[in-house]
1. Of the numbered conditions (1) buried (at least 17 other Cβ atoms within 10 Å of the Cβ); (2) in contact with a Phe, Trp or Tyr (Cβ under 7 Å, 6 or more places away or on another chain); (3) within 16 Å of residue 220 (Cα to Cα), residue 100 fails exactly one; give the number of that condition.
2. Please work out which residue is surrounded by the fewest Cβ atoms within 10 Å (Cβ to Cβ), limiting yourself to segment 136-147 and to residues that are of a type outside the set (Phe, Trp, Tyr) and touching a strand residue (DSSP E or B) at 6+ places or on another chain (Cβ under 8 Å).
3. Looking only at residues in segment 85-97 that are farther than 14 Å from residue 173 by Cα and either touching a Cys at 6+ places or on another chain (Cβ under 7 Å) or surrounded by fewer than 24 Cβ atoms within 10 Å (Cβ to Cβ) (or both), which one is modelled with the lowest pLDDT?
4. Only one residue in 185, 200 is in a strand (DSSP E or B) and closer than 28 Å to residue 29 by Cα, so which one is that?
5. What are the residues in segment 158-192 that are over 23 Å from residue 127 (Cα atoms), surrounded by 11 or more Cβ atoms within 10 Å (Cβ to Cβ) and of a type in the set (A, V, I, L, M), if any?
6. Specify which of the listed residues (150, 130) is crowded, with 18+ Cβ neighbours inside 10 Å, touching a residue at least 60 places away in the same chain (Cβ under 8 Å) and closer than 20 Å to residue 222 by Cα.
7. In the list 169, 87, 185, 111, which residue meets the criterion of being farther than 26 Å from residue 16 by Cα and touching a helix residue (DSSP H, G or I) at 6+ places or on another chain (Cβ under 6 Å)?
8. Looking at segment 29-84, which of the residues that are in a loop (DSSP other than H, G, I, E, B) and among the polar types (S, T, N, Q) is modelled with the lowest pLDDT?
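The values are calculated or read from the model by the stated rules, or taken from the named source; none is laboratory data. Quick caveat, the model's predicted, so the values are computed rather than measured. Note: ideal-geometry Cβ built from the backbone for every residue, glycine included; neighbour counts use all protein chains shown.
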Amino acid sequence: MTCVLLGGIRDGDIRHDASVGDVAATPILDWGNGDVARLYDDIAGGAIQSAREFVVSAHRSVGARIRAVYGLDDRQPVSVTLSRGRGSCSQRLAVVEALARRDGTATRVRGLVLRGEFWYPRFRHLHAVIPKSVLLAWPEFLVDERWRDISEIVSPAALSYVEPFTNAGKETLFDAIGRAPVSWGKSVSCDCLDFSEFVGRDLGTFESRDELFEKFGQTMSTPARVLLDPAFRNWSASG
C-alpha cells in the first residue's frame, strides 16, 4: 500500500513517438545559466570535438564533479544540480543533456516505466517505500545523423565480456553506462546490460524530459517528494 501512496506517475495509453528532439534550453535543461556555461567551457576547452567526443567528455566530467546521491526531484534544474555539486542518476544525466544542447547537439528522452524491483538491491531494507513503478527519462542524442542513446555513445566500442550491473554498492547506473551499453528491450543476443525484464511500459520519445514529466508526472507524488527529498538528496549513492 505504501508504494501505491507514494506513486505520482499518471496513466496514459498513447505511445508518443513523434519527437524530433531539440537544442533549446528548457526549465530543467537551463544551459544558459552561468554555472552550466562555465562547465561547458571547461569541457570544450577550445578544442574541436565531434558531437560523440563531446558527449563522452561531458559524461566523464559530470561523473567526476557531481557526487551521486538519491535526489527525488526529476524536474530539478541542471543549474541547481551543479550549484549543489550532487545529484541522482536522472539529475546527472540531465546535466549531460544540457551540455550537449549548449554544444548544438539535439537531444530527446525515451520515457520508460520501470518496475520498482530494479532498485531493490540498492535499498535492501526499504522495499516497502519503493514505488511500484518508477519513471525514467533515458537520454538520446542526434549523433552522426542518427539517434543514439546515452549508453551507446559513452560505452566502449568493443566488449568481450560485460560484468553484470548489481544496482548495489558504489557503481550507479550513471557509472555503469561508461563501461557497457544498456538494452531496455528484449534482444536475442547483446554484449550489453540487459534490463528489459524491468520495463513495464515504453512511453516512446519526447522532445525533452520537461515534456515527459509534464505529461506523466514524476515517480513520487508531490507530498512524498517534498517530505523525503531533503534527506535523500544528501544521501550518498556511492557508499
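1. Against the list (1) buried (at least 17 other Cβ atoms within 10 Å of the Cβ); (2) in contact with a Phe, Trp or Tyr (Cβ under 7 Å, 6 or more places away or on another chain); (3) within 16 Å of residue 220 (Cα to Cα), residue 100 comes up short only on (3).
2. Result: 142.
3. Only one residue fits best here, namely 86.
4. Values: 185 fails: in a strand (DSSP E or B).
After applying the criteria, what remains is 200.
5. Of everything in segment 158-192, those that are over 23 Å from residue 127 (Cα atoms), surrounded by 11 or more Cβ atoms within 10 Å (Cβ to Cβ) and of a type in the set (A, V, I, L, M) turn out to be 159, 162, 177, 180, 182.
6. Working: 150 fails: closer than 20 Å to residue 222 by Cα.
Going through 150, 130 in turn, just one is crowded, with 18+ Cβ neighbours inside 10 Å, touching a residue at least 60 places away in the same chain (Cβ under 8 Å) and closer than 20 Å to residue 222 by Cα: 130.
7. On the way: 169 fails: touching a helix residue (DSSP H, G or I) at 6+ places or on another chain (Cβ under 6 Å); 185 fails: farther than 26 Å from residue 16 by Cα; 111 fails: farther than 26 Å from residue 16 by Cα.
The unique qualifying residue is 87.
8. At the first step, the residues of segment 29-84 found to be in a loop (DSSP other than H, G, I, E, B) are 29-33, 45-50, 66, 70-77.
Adding the requirement that they be among the polar types (S, T, N, Q) leaves 33, 49-50, 76.
Details: 33: 97, 49: 87, 50: 94, 76: 95.
Restricting to residues being in a loop (DSSP other than H, G, I, E, B) and among the polar types (S, T, N, Q), the top hit is 49.
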